[in-house]
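The values are calculated or read from the model by the stated rules, or taken from the named source; none is laboratory data. Only a predicted model underlies this, so the values are computations on that prediction, with no experimental measurement involved. Here the Cβ positions follow ideal geometry from the backbone for every residue, glycine too, while neighbour counts run over all protein chains shown. What goes into the accessible areas is simple: the full protein's heavy atoms, side chains included, and nothing from ligands, DNA or RNA. Shrake-Rupley method; radii C 1.70, N 1.55, O 1.52, S 1.80 Å.
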Amino acid sequence: MSHDVPPRRNAMARTRLLSVIGVVGIGAVIGALLLWHAQVGDVLGLGADKEPVVSTVGAPAIGGPPTTTKRVTPTPSRRTTPTVPPKTTTTPSKKPTKKSTPVSGEESIDGLSPKLRSRLAKAIVAAKADGVTISITSARRSTAKQQRLLNEAIKKYGSYKVATRWVLPPKYSAHVQGKAVDIGPAAAMTWLNKNGWRYGVCRRYDNEPWHFEALTTPGTKCPPREPHAVAKAD
């Protein structure tokens, strides 16, 4: 009787042995990998007592405290406010009042009529060239002034009729109208009485050597003088 193992049984034993060897080999490989992973983890600080690594994809980086980002509030651009012109209050214009004819000083020729003022101004210049100064003692008078002079004359001469030979009532007075002028001193009266016709200025009354009016055209002889003033009958 032979003790040799049959060929089929030997093949099954061989297969089992190879399976065991394969399992042991795979276990050894896995053990080696686990050991290698543990060693690498120690080197990189990834021990088992560390917190599990979390994927950093989409998450803030791990490290120091998060940097506080100062939120900058956008400063609104300043709008340039258009300058509004101040409102101009229009004051309704007042109706122009009628200007009264300015009355200059009684010792000025400014208040005289344009004709007498112009002629007398030329005569004054000519007299000065001859060494004579013509002074104006009474030119244009106010109505009140003329009335006062008349009242004083009535008291002086005792009657209206005699007083008006020297002072006419305001409504008849050439002084009030700016058409007469009284001058001085005596040398001026004499000069203008002699030369006044050249400028159209003449002495009017015999009793008033100081009283002159524009009675003729310049260069024309003066008309005869009147004895005195006469008030017109009212």
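Mind ranking 164, 190, 220 by accessible surface for me, highest first, 1.4 Å probe?
Reading off the accessible areas and sorting them downward yields 190, 220, 164.
What length, rounded to one decimal in nm, is gained on full extension from residue 186 through to residue 221, with 0.36 nm per residue of separation minus their alpha-carbon distance?
Values: separation 35, 0.36 × 35 = 12.60 nm, distance 2.18 nm.
That pair, residue 186 and residue 221, stretches by 10.4 nm at full extension.
Assuming 0.36 nm per residue, please report the length gained on full extension of the stretch residue 137 to residue 115 beyond their Cα-Cα distance. Display every interim value, and only then the final one.
Numbers: separation 22, 0.36 × 22 = 7.92 nm, distance 1.89 nm.
Here the segment from residue 137 to residue 115 would lengthen by 6.0 nm.
Give me the one-decimal nm value for the distance between modelled label points at residue 26 and residue 194, 7 Å along each residue's Cα-to-Cβ direction.
Using points 7 Å along Cα→Cβ, the separation is 16.8 nm.
Leaving ligands and nucleic acids out of the surface, order 112, 17 by accessible area at 1.4 Å, largest first. Working shown, then result.
On the way: 112 5, 17 105 Å².
Listed by decreasing accessible area, they come as 17, 112.
So if R0 is 22 Å, what FRET efficiency would residue 145 and residue 230 give, r being the distance between their Cβ atoms, rounded to the nearest 0.05? Please report the intermediate quantities before stating the final value.
Details: r = 21 Å, r/R0 = 0.96.
Efficiency, from the Cβ-Cβ distance: 0.55.
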